[in-house]
Amino acid sequence: MCWSATADLVAGTGVAAVGVACVAQVRRWSDLPLAALPLLLGAHQIVESVVWDSGGGSGPATLAWAVMALPLLAVWVPLGVVCAVPREVRPRAAVPLAAGVATAVVLAHALATRPVTAEIRGHTVGYAVHLPHAEFLVAGYLVATVGALLVSGDRGLLRLGAAVAVGAVICWALWRLEFVSTWCAFTAVTSVVLWTWLRGRPRAGAVAVG
C-alpha cells in the first residue's frame with residue numbers, strides 16, 4: 001500500500017491496538033513506559049493522517065507530529081529503557097538518556113520559536129524544521145532512541161534496536177528529505193516486537209529456579 005492518509009490511519013490504529021495489548025501484558029510497573037511506546041507511535045501515525053488530509057502546511061497537526069517525533073521520543077525511549085533494565089545496567093543506559101534530554105531541550109526550543117512545515121511529496125511527507133547544528137541534533141537523537149536499546153543488554157530490546165537502526169539506514173538512503181516521517185513509520189511497525197518481549201518478562205520479584 002502506498003503511504004497516504006488512509007495508510008497512516010490504518011497503520012496507526014493497528015499499532016495502537018498492539019500498544020493496548022502490550023500494556024495489558026505488563027507484569028511490572030517499570031516496564032510500562034516501553035509497553036506504552038506502541039500507543040504513542042500509533043497515535044503519531046494517526047496524527048500524520050490528519051497532516052495528509054490537511055495537505056501539509058504548518059497547522060496544529062504538523063506541530064503535534066513534530067513534538068511527538070522529536071523531543072518526546074528522544075526522552076521517552078531512553079527513559080523507558082532505564083526503567084526496564086536491571087539496576088546494574090542503569091549507569092550505562094543513563095548515557096543515552098542524558099543525550100536524549102539535552103537533544104530534546106534544543107528541539108523543543110526550536111519547535112517553540114521556529115516554524116514547522118509539512119509538504120506532501122508523492123507518497124511521503126517531508127517535514128521542515130530549522131534546527132541549529134542539525135547534524136549534532138540528529139546524532140544525539142539517534143544515540144538516545146537507538147543507542148538506548150542497543151546498550152540495554154536485553155535480547156529482545158537489542159533485536160528492536162537493531163531493527164530500528166537498520167530502518168534508519170534504509171530510510172536515510174531512500175528518502176533523505178523525508179527521513180523523519182518514513183523512519184517513524186518504520187519504527188512504529190517494528191515496535192510490535194515489544195509485545196513478544198513483554199510476554200517473556202518475569203513478574204516483579206520472581207526468582208529463577210534451576
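The values are calculated or read from the model by the stated rules, or taken from the named source; none is laboratory data. Values in this document were obtained by computation on a predicted structure and should not be read as measured data. In this analysis, Cβ positions are derived from the backbone assuming ideal geometry, glycine residues included, and neighbour counts consider all displayed protein chains. We work out accessible area using only protein heavy atoms, side chains counted, and drop any ligands, DNA or RNA first. Shrake-Rupley method; radii C 1.70, N 1.55, O 1.52, S 1.80 Å.
Restricting to the range 142-154, name every residue that is in contact with a Gly (Cβ under 9 Å, 6 or more places away or on another chain), part of a helix (DSSP H, G or I) and either open to solvent by 60 Å² or more (accessible area, probe 1.4 Å) or not β-branched (Val, Ile, Thr) (or both). Quick ask: steps written out before the conclusion?
As a first pass, look at the range 142-154 and keep what is in contact with a Gly (Cβ under 9 Å, 6 or more places away or on another chain): 143-152.
Those left that are additionally part of a helix (DSSP H, G or I): 143-150.
Result: Val143, Ala144, Gly147, Ala148, Leu149, Leu150.
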For the range 118-141, what are the residues that are in contact with a helix residue (DSSP H, G or I) (Cβ under 8 Å, 6 or more places away or on another chain) and either of a type in the set (Asp, Glu) or assigned to a strand (DSSP E or B) (or both)?
Ala118, Ile120, Arg121, Thr124, Val125, Gly126, Tyr127, Val129
I need every pair where a residue in the range 25-44 that is touching a residue at least 60 places away in the same chain (Cβ under 8 Å) and under 20 Å from Gly161 (Cβ atoms) has its Cβ under 7 Å from the Cβ of a residue that is among the basic types (Lys, Arg) and outside any helix (DSSP H, G or I), sequence separation at least 6 or different chains.
Asp31/Arg201
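Out of everything in the range 53-63 that is assigned to a helix (DSSP H, G or I) and open to solvent by 40 Å² or more (accessible area, probe 1.4 Å), what residue ends up being farthest from Ser152 (Cα to Cα)?
It comes out as Asp53.
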Quick check: is even one residue across the range 83-98 in a helix (DSSP H, G or I) and within 15 Å of the chain's Cα centre (by Cα)?
yes
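Taking the range 18-49, which residues are outside any helix (DSSP H, G or I) and open to solvent by less than 50 Å² (accessible area, probe 1.4 Å)? So that I can check it myself, show each step before the final result.
Step one: list which residues in the range 18-49 are outside any helix (DSSP H, G or I), which gives 26-28, 36.
Within the range 18-49, Val26, Ala36 meet the criteria.
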